[in-house]
Amino acid sequence: MAAGQKINPDGFSSGQYRIRSIELDDGEQSVTVYSAGEAPRRDPSVFRFGGMFRLTVRYECLLAEVPDVSCGVAAAFTRKADMEPTMYFNTNYPHSDAEIAAYEEADFRQFKGRYGVVEGEIAELQVAPGDYLLTVGILPNTPTHHEFYELHYLQYPITVLPGAHEVPGAFWPKVSVTHEPVE
(Lines give C-alpha, C1' and ligand atoms only; values in the text may rest on other atoms or scores of the structure.)
Protein backbone atom coordinates (compact mmCIF):
# COMPACT_ATOMS: atom_id res chain seq x y z
CA MET A 1 0.00 0.00 0.00
CA ALA A 2 1.41 3.42 -0.99
CA ALA A 3 2.06 5.96 1.75
CA GLY A 4 -1.00 8.10 2.36
CA GLN A 5 -3.32 5.81 0.35
CA LYS A 6 -6.77 5.74 1.92
CA ILE A 7 -8.17 2.19 2.01
CA ASN A 8 -11.72 3.14 2.95
CA PRO A 9 -12.72 6.68 1.91
CA ASP A 10 -16.22 6.25 3.44
CA GLY A 11 -15.22 5.06 6.91
CA PHE A 12 -12.47 3.97 9.28
CA SER A 13 -9.55 1.72 8.38
CA SER A 14 -6.57 0.69 10.50
CA GLY A 15 -4.59 -0.41 7.45
CA GLN A 16 -4.16 -3.91 8.96
CA TYR A 17 -7.00 -5.62 7.07
CA ARG A 18 -9.34 -4.45 4.37
CA ILE A 19 -12.81 -5.41 3.30
CA ARG A 20 -12.72 -6.66 -0.30
CA SER A 21 -16.49 -7.01 -0.71
CA ILE A 22 -19.81 -7.03 1.13
CA GLU A 23 -22.77 -9.01 -0.21
CA LEU A 24 -26.34 -9.18 1.06
CA ASP A 25 -28.63 -12.11 0.26
CA ASP A 26 -32.34 -12.68 0.92
CA GLY A 27 -32.31 -16.35 -0.11
CA GLU A 28 -33.40 -15.57 -3.65
CA GLN A 29 -31.03 -12.83 -4.74
CA SER A 30 -27.52 -11.80 -3.76
CA VAL A 31 -26.43 -8.17 -4.15
CA THR A 32 -22.91 -6.79 -3.81
CA VAL A 33 -23.21 -3.52 -1.88
CA TYR A 34 -19.46 -2.92 -1.68
CA SER A 35 -16.50 -4.03 -3.76
CA ALA A 36 -13.05 -2.51 -3.15
CA GLY A 37 -12.18 0.06 -5.77
CA GLU A 38 -15.79 0.57 -6.91
CA ALA A 39 -18.52 2.98 -5.84
CA PRO A 40 -20.71 1.45 -3.09
CA ARG A 41 -24.33 0.59 -3.88
CA ARG A 42 -26.62 3.31 -2.58
CA ASP A 43 -29.96 1.82 -3.70
CA PRO A 44 -31.72 0.06 -0.83
CA SER A 45 -31.38 -3.70 -0.59
CA VAL A 46 -34.84 -5.15 0.06
CA PHE A 47 -35.63 -7.84 2.63
CA ARG A 48 -38.85 -9.16 4.13
CA PHE A 49 -39.77 -9.44 7.79
CA GLY A 50 -39.48 -13.15 8.64
CA GLY A 51 -37.35 -13.80 5.55
CA MET A 52 -33.69 -14.70 5.37
CA PHE A 53 -30.88 -12.15 5.74
CA ARG A 54 -27.33 -13.21 4.89
CA LEU A 55 -24.25 -11.00 5.12
CA THR A 56 -21.06 -12.14 3.37
CA VAL A 57 -17.84 -10.18 3.95
CA ARG A 58 -14.65 -10.99 2.05
CA TYR A 59 -11.45 -9.57 3.52
CA GLU A 60 -7.70 -9.44 3.11
CA CYS A 61 -4.91 -9.14 5.70
CA LEU A 62 -2.46 -6.34 4.78
CA LEU A 63 0.07 -7.09 7.54
CA ALA A 64 3.41 -8.74 6.75
CA GLU A 65 2.50 -11.61 9.10
CA VAL A 66 -1.04 -12.92 9.60
CA PRO A 67 -2.05 -12.47 13.29
CA ASP A 68 -2.67 -15.50 15.48
CA VAL A 69 -6.25 -14.27 16.01
CA SER A 70 -8.99 -14.88 13.46
CA CYS A 71 -10.79 -12.04 11.68
CA GLY A 72 -14.44 -11.53 12.57
CA VAL A 73 -17.39 -9.39 11.59
CA ALA A 74 -19.85 -7.06 13.30
CA ALA A 75 -23.02 -5.62 11.74
CA ALA A 76 -25.80 -3.31 12.88
CA PHE A 77 -29.16 -2.10 11.60
CA THR A 78 -30.01 1.51 12.47
CA ARG A 79 -33.57 2.71 11.83
CA LYS A 80 -33.33 5.60 9.37
CA ALA A 81 -36.38 7.56 10.65
CA ASP A 82 -34.93 8.27 14.11
CA MET A 83 -31.39 6.76 13.93
CA GLU A 84 -32.35 4.23 16.61
CA PRO A 85 -30.00 1.22 16.77
CA THR A 86 -32.29 -1.74 16.17
CA MET A 87 -30.29 -4.93 15.65
CA TYR A 88 -26.66 -5.87 16.14
CA PHE A 89 -24.54 -9.01 15.88
CA ASN A 90 -20.83 -9.80 16.03
CA THR A 91 -18.40 -12.70 16.17
CA ASN A 92 -16.03 -11.39 18.83
CA TYR A 93 -18.09 -10.93 22.02
CA PRO A 94 -18.94 -14.12 23.89
CA HIS A 95 -22.69 -14.30 24.47
CA SER A 96 -22.84 -16.85 27.29
CA ASP A 97 -20.72 -18.42 30.02
CA ALA A 98 -20.48 -21.59 27.93
CA GLU A 99 -19.13 -19.59 24.98
CA ILE A 100 -16.52 -17.92 27.21
CA ALA A 101 -15.29 -21.33 28.36
CA ALA A 102 -14.90 -22.59 24.78
CA TYR A 103 -14.25 -19.24 23.06
CA GLU A 104 -11.40 -20.38 20.78
CA GLU A 105 -13.24 -23.58 19.79
CA ALA A 106 -16.07 -21.87 17.85
CA ASP A 107 -15.92 -22.91 14.19
CA PHE A 108 -16.15 -19.31 12.98
CA ARG A 109 -13.03 -18.38 14.99
CA GLN A 110 -10.78 -21.12 13.57
CA PHE A 111 -9.54 -19.83 10.20
CA LYS A 112 -6.52 -17.54 10.29
CA GLY A 113 -5.22 -16.52 6.87
CA ARG A 114 -4.41 -13.79 4.40
CA TYR A 115 -7.75 -13.96 2.52
CA GLY A 116 -11.02 -15.04 4.06
CA VAL A 117 -14.77 -14.76 4.05
CA VAL A 118 -17.07 -14.40 7.07
CA GLU A 119 -20.76 -15.07 6.62
CA GLY A 120 -23.58 -14.40 9.05
CA GLU A 121 -27.11 -15.63 8.42
CA ILE A 122 -30.38 -14.77 10.13
CA ALA A 123 -32.91 -17.42 9.09
CA GLU A 124 -35.88 -15.18 9.98
CA LEU A 125 -35.22 -11.44 9.97
CA GLN A 126 -37.00 -9.93 12.97
CA VAL A 127 -36.74 -6.16 12.55
CA ALA A 128 -39.95 -4.24 11.88
CA PRO A 129 -40.74 -3.17 8.33
CA GLY A 130 -39.09 0.13 7.51
CA ASP A 131 -35.90 1.74 6.25
CA TYR A 132 -32.52 1.09 7.86
CA LEU A 133 -28.85 1.85 7.42
CA LEU A 134 -26.45 -1.08 7.70
CA THR A 135 -23.08 -0.76 9.39
CA VAL A 136 -20.48 -3.46 8.68
CA GLY A 137 -17.04 -3.87 10.22
CA ILE A 138 -14.25 -6.42 10.48
CA LEU A 139 -12.37 -6.89 13.72
CA PRO A 140 -10.16 -9.39 15.59
CA ASN A 141 -12.03 -12.23 17.26
CA THR A 142 -10.94 -11.48 20.80
CA PRO A 143 -13.35 -11.45 23.77
CA THR A 144 -12.60 -7.81 24.58
CA HIS A 145 -13.88 -4.44 23.40
CA HIS A 146 -14.19 -3.76 19.67
CA GLU A 147 -11.03 -2.64 17.87
CA PHE A 148 -12.13 -2.51 14.25
CA TYR A 149 -9.76 -3.19 11.39
CA GLU A 150 -12.20 -1.48 9.04
CA LEU A 151 -15.64 0.00 9.64
CA HIS A 152 -18.29 1.04 7.11
CA TYR A 153 -20.55 3.10 9.39
CA LEU A 154 -24.20 3.64 8.34
CA GLN A 155 -23.26 3.04 4.71
CA TYR A 156 -25.78 0.65 3.15
CA PRO A 157 -29.54 1.35 2.89
CA ILE A 158 -31.89 -1.55 3.61
CA THR A 159 -35.66 -1.67 3.30
CA VAL A 160 -37.57 -4.33 5.24
CA LEU A 161 -41.01 -5.12 3.83
CA PRO A 162 -43.90 -6.58 5.84
CA GLY A 163 -44.12 -10.34 6.23
CA ALA A 164 -46.90 -12.65 7.36
CA HIS A 165 -47.25 -11.02 10.81
CA GLU A 166 -47.88 -7.48 12.00
CA VAL A 167 -44.95 -6.27 14.10
CA PRO A 168 -45.90 -4.19 17.16
CA GLY A 169 -42.35 -2.98 17.96
CA ALA A 170 -38.95 -2.33 16.43
CA PHE A 171 -37.95 -5.94 17.01
CA TRP A 172 -39.89 -9.16 17.40
CA PRO A 173 -37.75 -11.70 19.25
CA LYS A 174 -38.26 -15.39 18.61
CA VAL A 175 -38.33 -16.83 22.10
CA SER A 176 -38.59 -20.46 23.20
CA VAL A 177 -40.24 -20.85 26.60
CA THR A 178 -40.26 -23.81 28.97
CA HIS A 179 -42.26 -24.14 32.16
CA GLU A 180 -41.62 -27.05 34.51
CA PRO A 181 -42.37 -27.86 38.14
CA VAL A 182 -39.62 -27.48 40.70
CA GLU A 183 -39.11 -30.61 42.83
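The values are calculated or read from the model by the stated rules, or taken from the named source; none is laboratory data. None of the values given here were measured: they were computed from a predicted structure. Glycine also receives a Cβ, built like all others from the backbone with ideal geometry; neighbour counts cover every protein chain displayed.
Can we say Y103 is more than 17 Å from the chain's Cα centre (by Cα), surrounded by fewer than 17 Cβ atoms within 10 Å (Cβ to Cβ) and of a type in the set (S, T, Y)? Yes, satisfied.
Which ones in region 42-62 are over 24 Å from P140 (Cβ atoms) and in a loop (DSSP other than H, G, I, E, B)? Answer for region 42-62, where residues must be over 24 Å from P140 (Cβ atoms) and in a loop (DSSP other than H, G, I, E, B): R42, D43, P44, F49, G50, G51, M52. Scan region 108-129 for residues that are touching a strand residue (DSSP E or B) at 6+ places or on another chain (Cβ under 8 Å) and either farther than 21 Å from R18 by Cβ or crowded, with 17+ Cβ neighbours inside 10 Å (or both) and the total you get is 11. Run down T91, T86 and say which single residue is polar (S, T, N, Q) and under 25 Å from R18 (Cα atoms). Going through T91, T86 in turn, the sole match is T91.
Suppose we filter region 143-175 for residues that are at pLDDT 70 or above and not in a strand (DSSP E or B); how many remain? Quick ask: steps written out before the conclusion?
Keep residues of region 143-175 that are at pLDDT 70 or above, which gives 143-167.
Still in the running and not in a strand (DSSP E or B): 143-149, 162-167.
Residues that pass the stated criteria total 13.
Pairs meeting the criteria (first residue in region 148-169 and touching a residue at least 12 places away in the same chain (Cβ under 8 Å), second residue in a loop (DSSP other than H, G, I, E, B) and polar (S, T, N, Q), beta carbons under 6 Å, at least 6 apart or on different chains) are Y149/S14; Y149/Q16; E150/N8.
Do any strands (runs of 3 or more DSSP E) entirely within region 69-131 hold 1 or more residues that are free of Cβ contacts under 8 Å to residues at least 12 places away in the same chain and out of contact with any Gly (no Cβ under 6 Å at 6 or more places or on another chain), and if so, which? Outline the logic, then answer.
Numbers: elements: 71-79, 84-90, 115-122.
Once the strands (runs of 3 or more DSSP E) in region 69-131 are filtered for at least 1 residues that are free of Cβ contacts under 8 Å to residues at least 12 places away in the same chain and out of contact with any Gly (no Cβ under 6 Å at 6 or more places or on another chain), what remains is 84-90.
Looking at D82, D25, just one residue is closer than 27 Å to H165 by Cβ, surrounded by fewer than 14 Cβ atoms within 10 Å (Cβ to Cβ) and among the charged types (D, E, K, R), and that residue is D82. Screening region 130-161 for residues that are under 17 Å from D68 (Cβ atoms) and not hydroxyl-bearing (S, T, Y) and picking the one that is surrounded by the most Cβ atoms within 10 Å (Cβ to Cβ) gives I138.
Go through T32, T56 for me and flag whichever is of a type in the set (S, T, N, Q) and in contact (Cβ under 8 Å) with a residue 24 or more places away in the chain.
T56
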